[in-house]
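Structure, as structure tokens:
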Amino acid sequence: MLHGWGPWRDNLGASSHVGTEAKRAIWSMFLSSFESSVDVKKRVSIPAAFRKALGGADTVYLWPSLDKPCIEGAGQQLMDEFADSMGDLDLMDRRRVALANYIMGEARQAKFDEGGRIVLDAELLSTGGISEKARFVGLGDRFQIWEPAAYDAMKAEMRALALESLSLLKAKPRRAGQAAAE
């Protein structure tokens, strides 16, 4: 089962025959933040860097955040990791059912149009309080879509929690061949 930021933590270094393009795709992450307008048809442009992180996929998964007033988004890889993690729980475990209901049951696929835009449905827009502008925030393995003022209001709280949590970050030893993937 995969944990953390993706498959490179588990097996990239052990596979020196992986091609340059595959290594680039594996290392792609959702980084930085971008603001985009929401048009009258409720379409919003997914940042080009985020589309690139999806490795050529023409869809993205979106669901209401479980604990924040925003929309969560990710590619197929993270959805597979969610399914794998839930699969580790007993079939009848109420927590498994709750997680599956909320993440898998609320997720929807949004297909990109020719301009890299997706349509945000009314429920997602309402969840995030989004109307005219949307702030895309990269979190590595996923991204969030916020109403810009709500994101700005939450940012100081997240910074304080990040400072408090800094000691949890630990350097991980590199495996043989991993440095060549960068």
Here are some conditions: (1) farther than 17 Å from Ser37 by Cα; (2) modelled with pLDDT of 95 or more; (3) under 20 Å from the mean Cα position of the chain (by Cα). Leu124 meets all but one. Which one does it not meet?
(1)
Expected single match for touching a Lys or Arg at 6+ places or on another chain (Cβ under 8 Å), touching a residue at least 12 places away in the same chain (Cβ under 8 Å) and closer than 20 Å to Leu124 by Cα among Ala110, Ala74 is Ala74
Which condition number in (1) modelled with pLDDT under 95; (2) surrounded by 15 or more Cβ atoms within 10 Å (Cβ to Cβ) is the one that Ser45 fails?
(1)
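The values are calculated or read from the model by the stated rules, or taken from the named source; none is laboratory data. Quantities reported herein were computed from a predicted structural model and do not represent experimental measurements. No Cβ is skipped: glycine too gets one built from the backbone with ideal geometry, and neighbour counts run over all protein chains shown.
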